[in-house]
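Here's the structure, in structure tokens; my notes come after.
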Amino acid sequence: MKRNTFLLCAAALSLFHTVGCDSSTNKPTPTITTKSDPAEAKPGESVPAKSDASSEPKTAKAEPDYITVQHCLIGFKGSLPGKPVTRTKEEAKELATKLLAELKAGADFDEIIRKNTDDSPPGIYKMANRGKKADITQEVYPREGMVPAFGDTGFPLEVGEFGLAEFDAEKSPFGWHIVKRTK
């Protein structure tokens, strides 16, 4: 899938690649070279897209059906009903950004969570993507049943990657979620 996406992007870019000017109009002239086999294409050459109905959609990488994520919630005063969080919204954003940088540099996520989360550690959740069966008895929650930014951040991640769901009154009302996809 990644190779196909790359080839489609390369093909689209090559359509806009210009190498000269039309002397009569002084406008760029596009160069389009077509190869029927994508493996033969060189940089700057276009590859025709498949036109049969069975070809894969020409979209971004498909999200997985199910994921497991772990998160560290960084809230601020008033964002978590019943929790005595005292940091300001600005302090929460600064802390979340700092912790994400530490994690990307190799810090221990479990330790970061133990010291900083405003949720209950270890903060591990299994989620079913849109249109997939959730099973609460197995602790698999529907994506739509979670804060929208949580799934929007978690599903595009590769296993082992971190992401940050920033505070948004609609999509992430509890604060900043540092999310790591574990499965």
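The alpha carbon centroids of region 112-183 and region 64-105 are separated by 11 Å.
More than 15 angstrom separation, counting every C-alpha pair in region 81-183; what % is that? I get 66 percent for the Cα pairs in region 81-183 exceeding 15 Å. In this structure the amide hydrogen of GLY175, modeled in the peptide plane, comes within under 5 Å of the amide hydrogens of ASP168, none closer than 5 places in sequence on its chain.
Estimated from the Cβ-Cβ distance and a Förster radius of 22 angstrom, the FRET efficiency linking ALA62 and GLU158 is about 0.95. Pairs from the table (LYS83/LYS132; LYS77/LYS133; LYS83/LYS180; LYS83/LYS126) lying more than 26 angstrom apart at Cα are LYS83/LYS132; LYS77/LYS133.
Just so you know, all these numbers are worked out from the coordinates, no wet-lab data involved. These figures come from a predicted structure and were not determined experimentally. All Cβ positions, glycine included, derive from the backbone under ideal geometry; neighbour counts span all protein chains shown.
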